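**Student:** I have a structure I would like to understand better, so I am pasting it below and will then ask my questions one at a time.
The values are calculated or read from the model by the stated rules, or taken from the named source; none is laboratory data. Remember, it's a predicted structure, so these values are computed and weren't measured experimentally. Cβ coordinates were reconstructed from backbone atoms using ideal geometry, including for glycine residues, and neighbour counts include every protein chain displayed.
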Amino acid sequence: MADTIREQIIAAYVTRLASWTTGNGFNYSCGGTVGRAISHIEDSDLPACNLVPGEEEAEQRYGQNVCQMDVKLEAFSKITTENRSKVQEKLLGDAIKIMTDPSVTVTTKIEEISYSGGGPASVEKSENEITAISARFRIKYETLIGNPYTQ
């Protein structure tokens, strides 16, 4: 069976995250390791990112379900000589850009994406050389009522 519109959007963003490299104009290369709703990333895989799909809301309008899905993007990096806070701010800027850059069409399935908040995140380990951020986004898209596979 085909993927739902929601799944197609999530998969498109996982693919987009692989382009998160310094060669593509970002501060860090978190696209080397892209996870999807994973609970652990190995230190050897850093820098890395993880996309976590969340709940959504839907309302019916003119034969359509207008859906708004929340996703969280986590980014992890090792700290070398830079201040932790500066690394976190650069990671957050990269995260916002990779998810919402209007010059890039990730998929035509979405109507709108917006940044809804984020900032420094805690890391499971107490080691000082690893830092992280999380950023939340809201993705708006439509499907036919009763058919989540078609717009």
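**Student:** Can you pull out the residues in the range 105-121 that are within 16 Å of residue 136 (Cβ to Cβ) and exposed (fewer than 15 other Cβ atoms within 10 Å of the Cβ)?
**Tutor:** Hits for the range 105-121 are 112, 114, 116, 117, 119.
**Student:** Shifting gears a bit: So residue 96 ticks every box in (1) surrounded by 18 or more Cβ atoms within 10 Å (Cβ to Cβ); (2) under 11 Å from the mean Cα position of the chain (by Cα) but one. Which box is left unticked?
**Tutor:** (1)
**Student:** Would you check if residue 97 is part of a strand (DSSP E or B) and at pLDDT 95 or above?
**Tutor:** Here the answer is no, as residue 97 does not meet what is asked.
**Student:** Just one of 13, 28 is surrounded by 16 or more Cβ atoms within 10 Å (Cβ to Cβ), of a type in the set (Ser, Thr, Tyr) and modelled with pLDDT of 95 or more; which is it? Write out each step before concluding.
**Tutor:** Details: 28 fails: modelled with pLDDT of 95 or more.
The conditions single out 13.
**Student:** From the set of residues in the range 122-144 that are surrounded by 13 or more Cβ atoms within 10 Å (Cβ to Cβ) and not in a strand (DSSP E or B), which is modelled with the lowest pLDDT?
**Tutor:** Of the range 122-144, the ones surrounded by 13 or more Cβ atoms within 10 Å (Cβ to Cβ) are 123, 129-144.
Next cut, not in a strand (DSSP E or B) only: 123, 129.
Values: 123: 68, 129: 83.
The qualifying residue modelled with the lowest pLDDT is 123.
**Student:** Search the range 1-30 for residues being hydrophobic (A, V, I, L, M, F, W, C) and outside any helix (DSSP H, G or I), and hand back the single one that is nearest to residue 89 (Cα to Cα).
**Tutor:** Checking each candidate, the answer is 26.
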